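Below is one structure, written out as structure tokens; comments come after it.
The values are calculated or read from the model by the stated rules, or taken from the named source; none is laboratory data. This structure is a prediction, so every number in the text was calculated from the model and none was measured. FYI the Cβ positions are ideal-geometry reconstructions off the backbone, even for glycines, and counts take in every protein chain you see. Please note that ligands, DNA and RNA were not included when accessible areas were found on the heavy atoms of the full protein model with its side chains. Shrake-Rupley method; radii C 1.70, N 1.55, O 1.52, S 1.80 Å.
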Amino acid sequence: MAVRSHAFGRELRRRRLAAGLSLTGLSRSVHYSKAQLSKVERGLKDPSRELAGLCDACLDANGALITLLEDQSREPAPLAAVEKDESRDEVWRMHLSVGGASWFQSMGRRQVLLGGAASLVGAGSAGSDRPIAVHDVGALEGFEVLFQQYRQIGQTTSSGALLPVLIAQTHVLRDIATGTDGAERRRALRLTSRYAEYIGWLTQEAGGDDDAMWWTERAGSLAAAGGDPDLAAYTSVRRALVAMYRNDGDQTIALARHAQDVALPPRIRMLALQREAQGHAINGDHTASMRCLDASRDLLSQAEPTTNGPVLGTTNLTDPTSMITGWCLFDLGRPSEAADVLAAELERVPSHALRTRARFEVRQARALAVAGEVDQACHLVAPLLGPAGVLNSATIRTDLSNLARTLRRHHRRRSVQALAPNLSSALNPDRR
């Protein structure tokens with residue numbers, strides 16, 4: 001890291017001088033102290049990703065400074081499902097086989113993060129190969145209505161509270177598909193795939209990336225068996241989202257590009273372009289990021305809801321591309337612009353969508369804090385600490401943790417001191 005720190009510091013100094021900026025001038029632009037910037041330039045202090053992005057944008061480096069942070073000797077960890085240790089604890093995980101039975105199997109509690117699933121379905125379900133016969137097609141309609149309700153409940157409760165019942169419902173739906181044939185079997189499999197995909201998202205919210213990928217891959221297999229190959233492509237979009245939260249720009253871009261075939265529905269391509277834009281933003285490439293967002297915006301009007309099941313992706317954003325634009329602008333080192341865009345789009349998010357609102361409002365608060373609007377950031381995030389804690393979202397906590405790191409640079413501010421206890425409680429719920 002020391003070698004990269006020296007390289008970053010030398011390049012930062014070279015570009016600063018070429019731009020005719022003093023350390024004081026750069027300090028005012030990026031809202032970091034002159035002393036800290038001096039240490040970074042001399043290689044005495046490692047630059048954060050946040051600082052690198054701000055300096056990169058201020059000096060029009062278009063990602064050159066951010067690239068110097070990367071460890072070229074380290075291969076990125078692949079985003080693939082991993083085999084679990086079956087010898088630890090009593091947590092259960094469901095296996096779904098397209099051609100055979102479905103069952104639960106004992107898995108490690110710390111990795112699976114799905115405690116309580118077995119108690120809902122009962123020990124007798126494990127290994128059962130007796131399909132559930134369905135003679136009333138209205139049963140599947142009922143499960144479709146339930147799914148929409150579960151997605152609404154997921155906006156206002158923690159992922160861990162909802163996961164067990166969703167796993168049980170997925171198990172039942174898989175058995176229903178086994179007991180039917182023809183069009184009803186395909187319909188049941190497609191609906192099962194939507195349940196599995198949503199479970200994948202909630203396990204990511206619970207902090208289990210590997211489990212999220214396991215469920216997402218199962219969702220793709222089920223959808224293909226049900227005659228819906230589009231969801232298999234959508235799994236690349238979901239994998240790209242996990243890579244994005246890991247700040248792996250290259251892998252985010254690569255995965256997102258797997259779901260941009262012109263034969264795919266416009267909505268999937270739109271979501272894939274948004275993920276690719278976020279990958280470019282992580283890498284500091286403003287031009288490529290905006291190009292992807294423009295292409296995504298062009299597809300928005302064509303992205304009609306699917307007739308094969310529930311809508312993929314969020315249903316709470318009127319204009320998801322504009323909201324993601326705000327997200328990208330922040331990663332591109334343009335926090336003031338990001339805060340303005342996020343504020344405008346948040347006015348259009350329904351009040352009942354607590355999880356969606358919390359995610360983007362915390363990101364807006366981060367943008368305000370990084371832009372030097374510390375008091376305003378504290379005022380915005382204060383009422384969110386309750387919902388963010390209740391929802392127990394790993395992705396929201398990541399942004400809260402980064403916000404706390406930014407606010408520590410302003411620890412003498414009264415607004416920061418007043419917020420600190422509640423922010424600490426939100427980040428450490430077990431200590432309440």
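Quick check, is residue 230 under 17 Å from residue 312 (Cα atoms), open to solvent by 30 Å² or more (accessible area, probe 1.4 Å) and in contact with a Pro (Cβ under 8 Å, 6 or more places away or on another chain)? Yes: the conditions hold for residue 230. For region 222-234, taking the residues that are at pLDDT 85 or above and assigned to a helix (DSSP H, G or I), the one that is farthest from the chain's Cα centre (by Cα) is identified as 225.
Here's the yes/no breakdown for (1) surrounded by 19 or more Cβ atoms within 10 Å (Cβ to Cβ); (2) of a type in the set (A, V, I, L, M, F, W, C):
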| position | (1), (2) |
| --- | --- |
| 351 | no, no |
| 355 | yes, no |
| 377 | yes, yes |
| 399 | yes, no |
| 406 | yes, no |
| 416 | yes, yes |
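Among the residues of region 140-163, those that are in contact (Cβ under 8 Å) with a residue 40 or more places away in the chain and assigned to a helix (DSSP H, G or I) comprise 140, 143, 144, 147, 148, 150, 151, 152, 159, 160, 162, 163.
Note on region 296-313: residues that are charged (D, E, K, R) and at pLDDT below 90 amount to 1. Out of curiosity, is residue 184 among the charged types (D, E, K, R), in contact with a helix residue (DSSP H, G or I) (Cβ under 8 Å, 6 or more places away or on another chain) and surrounded by fewer than 18 Cβ atoms within 10 Å (Cβ to Cβ)? Yes; evaluated as a whole, the condition is true for this residue. Filtering region 397-424 to residues that are hydroxyl-bearing (Ser, Thr, Tyr), closer than 11 Å to residue 374 by Cβ and touching a residue at least 60 places away in the same chain (Cβ under 8 Å) leaves only 406.
Does region 391-405 contain any residue that is modelled with pLDDT under 85 and part of a loop (DSSP other than H, G, I, E, B)? Within region 391-405 (the criterion being modelled with pLDDT under 85 and part of a loop (DSSP other than H, G, I, E, B)), the answer is yes, since at least one residue qualifies. Please go through region 317-344 and pick out each residue that is surrounded by fewer than 21 Cβ atoms within 10 Å (Cβ to Cβ) and of a type outside the set (S, T, N, Q). Residues satisfying the conditions are 317, 319, 337, 340, 343, 344.
Among residues of region 317-337 that are more than 22 Å from residue 28 (Cβ to Cβ), those with a beta-carbon under 7 Å from a residue that is assigned to a loop (DSSP other than H, G, I, E, B) at least six positions away or on a different chain give the pairs 317/349; 318/348; 320/314; 323/317. Each residue in region 261-295 was checked for being modelled with pLDDT of 95 or more, surrounded by 24 or more Cβ atoms within 10 Å (Cβ to Cβ) and either charged (D, E, K, R) or on the phi > 0 side of the Ramachandran plot (or both), and 2 of them qualify. Within region 238-260, being surrounded by 17 or more Cβ atoms within 10 Å (Cβ to Cβ), in contact (Cβ under 8 Å) with a residue 60 or more places away in the chain and in a helix (DSSP H, G or I) holds for 239, 242, 243, 251, 255. Sub-8 Å Cβ pairs linking a first residue in region 262-287 that is over 23 Å from residue 334 (Cα atoms) and touching a residue at least 40 places away in the same chain (Cβ under 8 Å) to a second residue that is outside any helix (DSSP H, G or I) and open to solvent by less than 10 Å² (accessible area, probe 1.4 Å), at least 6 apart or interchain, are 268/259, ordered by first then second residue. Looking at region 198-227, which of the residues that are buried (at least 23 other Cβ atoms within 10 Å of the Cβ) and among the acidic types (Asp, Glu) is nearest to residue 267 (Cα to Cα)? Result: 205.
Between 19, 35, 52, the distinction of being at pLDDT 90 or above and surrounded by 16 or more Cβ atoms within 10 Å (Cβ to Cβ) belongs to 52 only.
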